[in-house]
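*Asks:* Dumping the structure here so I can ask a few things about it.
Values in this text are rule-based calculations from the coordinates and carry no lab data. For clarity, every value in this text was computed on a predicted model and none was experimentally measured. Glycine gets a Cβ as well: all are built from the backbone with ideal geometry, and neighbour counts include every protein chain shown.
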Amino acid sequence: MQFASMAWSFFLNGEKILLLKPLTYMNLSGRAVGEAVDYLSAAWEEVLVVYDDAALPFGKLRMRAKGSAGGHKGLLSILARSGTLEVPRLRIGVGAAPDPRGMVSWVLGNFGREEQKELPSLFDRIEEAVALWVSSGTEKAMNRVNASQ
């Protein structure tokens, strides 16, 4: 365990990549990501936050270079810790909760049968989006990822 997270590193096109899955509560994700950014002396523009978004239909991907948290408490924590809204992010649509009061159980629950069938393809598209971001930068990745939806 490193940076209050599960951490994995690997090389992609000669670039060392660090993946973090914060082990903090979601609304404290900024602590975990901030520890890594500080330790690595990285710029926040070099961080890609990948997260679920109930405002997008299941399987839709949207990449942005900057912006508000849009109500997502994990991203809000990361933006607060970074001190900037200019943190690249990849939003992964999980669809809206059938009952807004059940949002927590919706995003932490299991995928439905049809969604489970689509997961391998979705994971491939997420991997492609991240690889494109690493190799080509936010603007090019954003243009391609968002146009392909």
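*Asks:* Does the stretch 5-13 contain at least one residue that is over 13 Å from the mean Cα position of the chain (by Cα) and surrounded by 19 or more Cβ atoms within 10 Å (Cβ to Cβ)? If you could, list the steps in order and put the result at the bottom.
*Replies:* Residues of the stretch 5-13 that are over 13 Å from the mean Cα position of the chain (by Cα), as a first pass: 5-13.
Still in the list and also surrounded by 19 or more Cβ atoms within 10 Å (Cβ to Cβ): 5.
Within the stretch 5-13 (the criterion being over 13 Å from the mean Cα position of the chain (by Cα) and surrounded by 19 or more Cβ atoms within 10 Å (Cβ to Cβ)), the answer is yes, since at least one residue qualifies.
*Asks:* In this structure, does residue 88 turn out to be surrounded by fewer than 18 Cβ atoms within 10 Å (Cβ to Cβ) and either more than 13 Å from the chain's Cα centre (by Cα) or touching a residue at least 12 places away in the same chain (Cβ under 8 Å) (or both)?
*Replies:* Taking the combined requirement at face value, the residue does not satisfy it.
*Asks:* Further, regarding this structure: Looking at (1) surrounded by 18 or more Cβ atoms within 10 Å (Cβ to Cβ); (2) within 13 Å of the chain's Cα centre (by Cα); (3) not hydrophobic (A, V, I, L, M, F, W, C), which is the one condition that is false for residue 62?
*Replies:* All conditions pass for residue 62, except number (1).
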